[in-house]
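Read through the structure below, which is laid out as structure tokens, and then see the notes.
The values are calculated or read from the model by the stated rules, or taken from the named source; none is laboratory data. It should be emphasised that the depicted structure is a prediction, and the values quoted were computed from it without experimental measurement. Backbone-built Cβ (ideal geometry, glycine too); neighbour counts: all protein chains shown. Just so you know, the surface numbers come from the protein's heavy atoms only, side chains and all, with ligands and any DNA or RNA stripped out. Shrake-Rupley method; radii C 1.70, N 1.55, O 1.52, S 1.80 Å.
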Amino acid sequence: MTDTTPTEEHAKTAQQPIDHAAIDDSITSRQEVTGIGAIIRTQPFWVFVAILFIALVMSFVSDAFMTERNMFNITRNMAYFGIMALGMSAVICTAGIDLSVGSLLGLCGINLALVLQAGWGVEVGFIACMLTAAIVGFINGVLIAYVRLAPFVVTLGMLAMARSVAMVVSNNKMIYEFGPDQEIFEWIGGGDVLGVPNVVWVLIIMTLLFLWVWRFTQWGRWVIAIGGNAHAAKLAGIPVERVIVSVYMVCSMCTGIAAFMFIGYTGSATNAMGVTYELNVIAATVIGGANLMGGVVYALGAPIGAALVELIRNSLLLAGIPALWQQFFVGLFLILAVLLEQIRNRGGK
Amino acid sequence: MTDTTPTEEHAKTAQQPIDHAAIDDSITSRQEVTGIGAIIRTQPFWVFVAILFIALVMSFVSDAFMTERNMFNITRNMAYFGIMALGMSAVICTAGIDLSVGSLLGLCGINLALVLQAGWGVEVGFIACMLTAAIVGFINGVLIAYVRLAPFVVTLGMLAMARSVAMVVSNNKMIYEFGPDQEIFEWIGGGDVLGVPNVVWVLIIMTLLFLWVWRFTQWGRWVIAIGGNAHAAKLAGIPVERVIVSVYMVCSMCTGIAAFMFIGYTGSATNAMGVTYELNVIAATVIGGANLMGGVVYALGAPIGAALVELIRNSLLLAGIPALWQQFFVGLFLILAVLLEQIRNRGGK
Amino acid sequence: ESHGGYTFALVPKAMNNPFFDLARDGCYKAQEEIEGVTCEYIGPGEHTELEQIQIVQDLITKGVDGIAVSPSNAPAMAKTLKEAEAAGIPVITWDADLLEDDKGLRAAFVGTNNYDIGVELAKLVQARHPDGGTICLQTGGAAAANHNERLKGARDTLAGEDMGEAPGDMLDGQGGWTEISGCPLITNDDGNVAVQGMTDILAANPDLTAFLSTGAFTQWFDNAYRGAAEPYKDKMASGDLTIVVADTLPMQIAQTKDGLGNGLVGQRPFEMGYLAMQMLKDLKDGGSLQDPTYTGLDVCTNDNIDSCVE
Amino acid sequence: MRPGRVPLDADRIEPAPGTSEAGADREDQTNMSLIELKGITKSFGAIHALNGIDLTIQPGEAVGLMGDNGAGKSTLMKIIAGNFSPTAGKILIEGKPVHMTRPIEARENGIEIVYQDLALCDNLTAAANVFLGREISTGVWPFRKLDYQAMYAKAGELFGELKSETRPRDLVKQMSGGQRQAVAIARTRLSDPKLVLMDEPTAAISVRQVKEVLALIKRLKDTGHAVILVSHRMPDVFDVCDRVAVLRRGTKVADKRITETTPEEVTGLIIGAIEAA
Amino acid sequence: MRPGRVPLDADRIEPAPGTSEAGADREDQTNMSLIELKGITKSFGAIHALNGIDLTIQPGEAVGLMGDNGAGKSTLMKIIAGNFSPTAGKILIEGKPVHMTRPIEARENGIEIVYQDLALCDNLTAAANVFLGREISTGVWPFRKLDYQAMYAKAGELFGELKSETRPRDLVKQMSGGQRQAVAIARTRLSDPKLVLMDEPTAAISVRQVKEVLALIKRLKDTGHAVILVSHRMPDVFDVCDRVAVLRRGTKVADKRITETTPEEVTGLIIGAIEAA
Ligand SMILES: Nc1ncnc2c1ncn2[C@@H]1O[C@H](COP(=O)(O)OP(=O)(O)OP(=O)(O)O)[C@@H](O)[C@H]1O
Ligand SMILES: Nc1ncnc2c1ncn2[C@@H]1O[C@H](COP(=O)(O)OP(=O)(O)OP(=O)(O)O)[C@@H](O)[C@H]1O
Ligand SMILES: [Mg+2]
Ligand SMILES: [Mg+2]
């Protein structure tokens, strides 16, 4: 009946299935509504509610919980992870992942400590630390953005390599002598101002900064756009590759800052520092509302997620629950957090 | 000029951008060509070439390399990872990931050892081991397939939970008494037949089995289809959810088998067994040609990927390169492997 | 084979642990001092059992002249050491030993008796609190055999009775001592986790009598530990609270000097590394070894802290 | 896992002129419709996609289904294909009420569908896609294996019938829009369906391929198969359909014989200029 | 990071009857085409998507570009939009040769494009999508911030001009096909482009929305903008275009005034029944 002539190889029709429901599921609902309404719709808000609830329960369970000292400890402990999670949020917003942050923490710490030990000042140490972070982030970013390798694979490779380099550089020794600026260096990482640990101040400032970045800067807007549809962002003239490289550098440099504060606090550096921290950081980020499919970012999510993870740890111990169970509850809460979001999203439709 | 009436909420047009190049990039070229041509186009083939090349170089560098004992050791060491990677390939083929395999190895090992220690026979131990694996796989699968949580998050949570349960169950003790069947149990895991370690035989049989499964069974076909386009598979009447649950169970049960052999070989079980193995297994799987975007699977990729990882370790040591560098090369080869695939794909177009 | 001398491998549990660094230094010292001995210090980067076994296998394959190993997983290591026996490579264990059944596989053990470390730590606690009280124990990697031995030593001593198979049962009033809920604390050898755990436990239990850690990780992170212990300095000085920790690394000595700890029980890793080489050389030269060879313990209190480690 | 069903013989869809009338005869004889939808309603949470749709289709009839974007056309197709179950309403097939909750059940009732997005697995071959979900196997379990030869042969036959040059062994990823369409359509002919649903089969394909698809629909009609064609293209619908139904915001606003309406009227109905007809 | 460019005033696209002829006048006066492609060739590895395409467009002219699937239409559009650079060939804009390697450069040369797949970020608002890549900011670095108010206001204005009910603050994810189209088109009007490229803007949208898009193209022409319309829909092209060019396998086989050809001839050209014209 019809006469068919040879067709060309290829053509476009919907090569990818389009499912409204699936799309809706995959990207968290975010609307430009301001005020209470908008806040209540976000994951960080509900995690924050969970935190308040746990804190309330704990204040009855243990007298030690609501003490100033415990609050000091909790906030300090979570702050390192919170700082790293801020950077991770940016990476996850572009639908990427950075598995190398734990190793990088170790590498930054070692390089920083070696520089200080060699007698340099704290500024030089800071520069060395941030430079290490920037280089690692740059390598990750270039391999992902330009060479187009999968972020999971690149950063998994970097996880192994950074740790190995840290071992080689430190010759596997622990370093706990930080040269002339030892005192000021250790104060920066471990001291406090107005009764609040310095690292918490850093976290607060960085969170405010990221709040501003995500809401008011072009870079932030571009990162979110890339997470939503990298192809469209590219076509709109956004330099997608460069932005992605910058995102991985931002993530690494957040880790660099965390490393600087962390070594100052602990007072010693080993290359084993940060082993498996990537999983904690990712868990905190996801609990804080990041979506691994990209396109969603909350500046407040990172500290709130990190706070919940630390709170669980602290509460279980204060409540006298065996330490063996601790990881169980961290895992459980991680799954519950995404479940919550899932339910919330379904209900919202 | 035109008169616009209110439009309905929503409608479909290409909500997702369709980019021929991106699609081509994301899914490895696979054609139903048989014979040499088809084999040469696969990633495992080129990794295999790399293995031969390294082996050739090493046979000049070290006399000890080509000895029977070294070959025996290399093949046995890689076999545990190879078995786990076979299961991981299935998961990655559905565009999923299973981060819980390392923890599961520990949990299976502990449950197995406790059952044996309690005086049960080796068959009962095997059943306990596989049951543990099946249950964990089932939970992962249900949360991913039915509750639709991200595989990364679910299995990350399971990683923490399984390890915690292993600690609790074992009460943090090492177990090295395996009851009446100790001898036969340890022979199964650590012995050899015809000069080839038993675990290598298991790997060979399982690889052949998976070769058959991927090529000739309906289940295998369905798993590949789900990896290519889960939505289309669903519409074609494939019970996608059930298949995904089965895939996670298969992955866990491969880990269960590895645990059974591993404990028999090591002769003792601790709950710390398998810490960070998930990363090695994923690395082996990816080196063996798996694509994290799903839709690609090679049965031979798992053992070949595992072999390369082990070979790197062994070669560095025999060549006298400091062990500190080892992880560096593993990471490097991981990245090179995906780079190779990237280049190969580009060239092929 | 190398220049007529011997190459001996010293295999630690992990290379990223400062404790083993001291053993390495001893090993290199022996290389300098003992004629014809080359020290090859190699082990897993991180604490993984399988990797250590693989490394030993590779050393056997490579054909070193002797192996001194600190097995992470004793039964598993024993199996691999059978290959060394077959290859005629002499083996000694250091720091940690094989299981009783497998002891035929190694010529000798050099190190400390882990059980004794626990005993000494417990004695330090008992000396300060003869009437008992509440205690929290902190341990290292999950199911690490040496830490479990130490826990048992401590528990047996505090209870004054056998508390069962290592790591022993939790104290529940035996000998006047009770372990509080939430303990023992698992640290996975992570200094940060160790400090956080100690901080929380001390905060949650203001009346705690003693805190006993079987590993140096508690005090690795100098500042973090100092920050955590500082608020309790007075209580420690007044004898209301006691913190004792295993090992005598330099920062630990300094902390104890400053009154931020009440006792240390140190091993002598440097000596272990040195002696391991010495013993392998003797073995090769046809000598016989004393088994086990204990390198002894340094027991430090606030009083003898300046002199307890030579 | 269900064993693959061996498809019926191929010659069933040879053009048989006059079958169309035969279908009409049958209808008269039995007075039984091929499929009857009664009051089909579907809501997704707050969204009411369909409100009480009635639709009856006779064997050998082609019905055009038109409507604005989001009017509910695809949703209706998916309900008939067993993909969604309706919130309310009944489906009768040859007079018997059916409850379909999975695509397979619709298929077993003789309903096949070509989805709007084609729904193909790019990483599989054309033949594998045609047989997806109902692979042919030989042997007995556990040695049951996929019968590649049979599937290639059969798929080749189907593509031949469609006058498409698609090769069964080619990967779908590398195919043109027309070839992909051929694969999707070939799937519907594995069994001998009574009703074929086509959801915008001609969007984004070129004039040439549109012609082929329309010719195919005519052949299906000629061989006594019923077809529902969802399309935004007025000429296509007026070319091949016997009736046209129009949805507006989930409600059926018209259902007329093609001969009794005009493109202008249908356009008016779609955009709401004409309330109903 | 580039600072956002403040768009020109909005009244520039008010309908100005007669501008079309004015455009033709201008052409005669200066004898200079708006854009001239000379021998554009593009290969992707072994695939030759385009072979020596010549195409000239005058201000105020609408050219239909037709061809089979895979003929190279989208590739040609992307080259003009600075998305790909051609393997060989030259592009002259108002007589001056240009080398565009990034979308921004085309934009700076007064070329805007509506992509076949619309290319919107579903997770952003309509306004954010309109201004994507050229956000409006106020203040000085590092306190430079996005000016939400200005962007909402401007986007609302543009939607108003398009007679679309799209709200600037709505997420694109929740929008209908017509609304999405409006967002994509609104983007082209942020600057005052000389040439607007539209790649299948009417595929998969309903009759009603097709009408709107066609009306918009007419208005663009009337205000002196040139348009290239890629489409598979014959009636659309014959409705709004002044000329039609046909591609077959990467080669231009025809380039005729609409008044001098017929849909039948164009169909023949597309499918290859007519060799060239
Ligand atoms: N899975 C789903 N979940 C929620 N809402 C849905 C789902 N599928 C469809 N809808 C809604 O149902 C309505 C009808 O959609 P449907 O896809 O049936 O329209 P259509 O007539 O096929 O449109 P088009 O011409 O664009 O294909 C729309 O409002 C849509 O948003
Ligand atoms: N990025 C790319 N990489 C490789 N080949 C490509 C790429 N983009 C397009 N092609 C090839 O170029 C040719 C022309 O494709 P193009 O998308 O321009 O066709 P088209 O005329 O727009 O078709 P349609 O009508 O289906 O939209 C096709 O063979 C296609 O496979
Ligand atoms: Mg539809
Ligand atoms: Mg196109």
Picking from B:289, B:228, B:102, which is most flexible by a Gaussian network model of chain B using Cα springs under 10 Å?
B:228
Cα gyration tensor shape for segment B:158-261, rounded if a/c is under 1.5, else prolate or oblate:
oblate
Would you tally the net charge around residue E:210, using a Cβ to Cβ cut-off of less than 12 Å, leaving residue E:210 out, and scoring K and R as +1, D and E as -1?
-1
Once label points are set 7 Å from the Cα along Cα→Cβ at both residue B:204 and residue E:165, what is their separation, rounded to one decimal in nm?
7.2 nm
Cut-off 12 Å, label 7 Å out along Cα→Cβ of residue C:29, residues of segment C:268-283 by amide N
C:268-276
How do B:40, D:35 stack up against each other in accessible area, from largest to smallest, with a 1.4 angstrom probe?
B:40, D:35
Taking the Cα centre of each part, how many Å lie between segment B:148-217 and segment C:164-213?
33 Å
The size of the Cβ-based charge dipole (Lys, Arg +1; Asp, Glu -1) of segment E:94-148 about the Cα centre, to the nearest 20 debye, is 240 debye
Can you run phi through the Karplus equation (6.51, -1.76, 1.60; θ = phi - 60°) for segment B:114-120 and list ³J(HN,Hα) in whole Hz, with x for Gly and Pro?
5, 5, 5, 4, 6, x, 6
What ³J(HN,Hα) values, in whole Hz, does the Karplus curve 6.51 cos²θ - 1.76 cosθ + 1.60 give for segment D:157-168 when θ = phi - 60°, with x put for Gly and Pro?
4, 5, 5, x, 4, 7, 6, 9, 8, 4, 9, x
I'd like the accessible area for residue D:38, computed on protein heavy atoms only with a 1.4 Å probe and all protein chains in place. Round to 10 Å², please.
90 Å²
Spin-label point model (7 Å from Cα, Cβ direction): what's the residue A:171 to residue A:146 distance in nm?
3.5 nm
With every protein chain present, what accessible area does residue E:48 have (1.4 Å probe, heavy atoms only), rounded to the nearest 10 Å²?
110 Å²
Pick out which of D:205, D:57, D:47 has the largest mean-square fluctuation in a Gaussian network model of chain D, springs linking Cα atoms closer than 10 Å.
D:47
Ordering B:253, A:66, E:234 by how much accessible area each has at a 1.4 Å probe, largest first, what is the list?
A:66, B:253, E:234
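Answer rounded, prolate or oblate for segment D:215-268, using the Cα gyration tensor with square roots of eigenvalues a ≥ b ≥ c: rounded when a/c is under 1.5, else prolate when a/b is larger than b/c, else oblate.
Taking the square roots of the gyration eigenvalues as a ≥ b ≥ c, segment D:215-268 is prolate.
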With respect to the cross-link table entries D:42/D:218; B:234/D:73; E:90/E:211; E:96/E:256; E:90/E:194; D:154/E:42, which display a Cα-Cα separation exceeding 29 Å?
D:42/D:218; E:90/E:211; D:154/E:42
Using unit Cβ charges (K, R positive; D, E negative) and no other charged atoms, how large, in debye to the nearest 20, is the dipole of the protein assembly as shown about its Cα centre?
4360 debye
Leaving out ligands, DNA and RNA but keeping every protein chain, what accessible area does residue A:325 have, in Å² rounded to the nearest 10, with a 1.4 Å probe?
80 Å²
As a check on your grasp of the helix formula, calculate [θ] at 222 nm for the protein assembly as shown: sum -39500 (n - 2.57) over DSSP H runs of n ≥ 4, divide by the residue count, round to the nearest 500.
-16000 deg cm²/dmol
Sorting C:287, E:69, C:249 by the position of each Cα along the dipole of the protein assembly as shown (Lys, Arg +1; Asp, Glu -1; all at Cβ), the one nearest the positive end of that ordering is E:69
Inter-copy spacing of residue A:342 label points, which lie 7 Å from Cα along Cα→Cβ, given in nm from shortest upward
3.3
Theoretical FRET efficiency, 1/(1+(r/R0)^6), r = Cβ-Cβ of residue A:69 and residue B:242, R0 51 Å, to 0.05
0.45
Quick one: net charge of residue C:155's neighbours, Cβ under 10 Å, K/R +1, D/E -1?
-3
What residues have an amide H closer than 5 Å to that of residue A:276, excluding those fewer than 5 places away on the same chain, when H is modeled at 1.01 Å from N in the peptide plane?
none
Order A:53, A:72, most accessible first, counting only protein heavy atoms with a 1.4 angstrom probe.
A:53, A:72
Net charge within 10 Å of residue E:194 by Cβ-Cβ distance, Lys/Arg positive one each and Asp/Glu negative one each, not counting residue E:194 itself?
-3
Of the candidates E:138, C:215, C:232, the farthest towards the positive dipole end of the protein assembly as shown (Lys/Arg Cβ +1, Asp/Glu Cβ -1, centred on the Cα centre) is E:138
Shielding by partners, peptide E:208-218 (average Cβ within 10 angstrom, other chains)
4
Is the C-alpha gyration tensor of chain A telling us rounded, prolate or oblate? Criteria: a/c under 1.5 is rounded; beyond that, a/b larger than b/c is prolate, otherwise oblate.
oblate
Magnitude of the Cβ-charge dipole (Lys and Arg +1, Asp and Glu -1) of chain E about the Cα centre, nearest 20 debye, reported as 960 debye
Mind telling me which of E:175, E:198, E:66 comes out most flexible in a GNM of chain E, alpha-carbon contacts under 10 Å?
E:175
Residue among B:297, B:178, B:255 farthest towards the positive dipole end of segment B:80-307, charges placed on Cβ:
B:297
